[in-house]
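See structure below.
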Amino acid sequence: MHVRKPTSFTDLRTVNGRVCASFHEAADIMGLLQTDNAAELCLSEAFAYQMPNSLRQLFAAILVYCSPKNPAQLWLQFREFLYEDIKRDYSISIHLVEVKVLQCIDNYLRS
């Protein structure tokens, strides 16, 4: 849509006369990729309306389909919302709560 009359895949990877190593790199140079805060904005909006289990599914979907640049930072920013329901059990340590939540997310990733 943004390369006029391409005749090869190399044309699609060429930006300002330079052939990029990948389509992703070419799209990034042309400014076609969204900023990485799209996942953050999505989770910020979702935690107001969804239950923690649904948020864990959404978090897993973001990891799979959006490939955020810093998933660890995303985890640190939203972990309180992701384990809100499990944290209510006061007999479980916070470390064990995080382990359980990460196992749930891992199960979603595997499915």
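The values are calculated or read from the model by the stated rules, or taken from the named source; none is laboratory data. What you are looking at is a predicted structure, and each value in this text was computed from that prediction instead of being measured. Positions of Cβ are backbone-derived with ideal geometry, glycine not excepted, and every protein chain shown enters the neighbour counts. Accessible surface is based on the protein model in full, side chains and every heavy atom, while ligands, DNA and RNA are left aside. Shrake-Rupley method; radii C 1.70, N 1.55, O 1.52, S 1.80 Å.
Ligands, DNA and RNA left out, the accessible area of the chain computed with a 1.4 Å probe is 55% carbon and sulfur. Extension gain, Lys100-Ser54: 0.36 nm per intervening residue step, less the Cα-Cα distance, totals 15.1 nm. Need the C-alpha centroid separation for the stretch 10-30 versus the stretch 97-111, integer Å. Cα centroid to Cα centroid, the span is 37 Å.
Subtracting the Cα-Cα distance of Leu12 and Asp28 from 0.36 nm times their residue separation leaves 4.5 nm of extension gain. Placing dummy labels 7 Å off each Cα toward the beta-carbon, the span from Leu76 to Ala38 is 2.4 nm.
Among the chymotrypsin sites (Phe, Trp or Tyr not before Pro) in the stretch 1-95, those located in a DSSP loop and surrounded by at most 15 other Cβ atoms within 10 Å of their own Cβ are Tyr49, Tyr90. The residues of the chain have, on average, 73 Å² of accessible surface per residue, using a 1.4 Å probe with all protein chains present.
The label-point distance for Ala21 and Lys5, in a model that sets each label 7 Å from Cα toward Cβ, rounds to 3.2 nm. What is the list of residues in the stretch 4-35 whose amide nitrogen lies under 19 Å from a point 7 angstrom out from the Cα of Lys69, following Cα to Cβ? Only 21-35 fall inside the zone, counting backbone N under 19 Å. The shape of the chain can be summarised by an equivalent ellipsoid whose semi-axes, obtained from the alpha carbon gyration tensor, come to 39, 13, 11 Å from longest to shortest.
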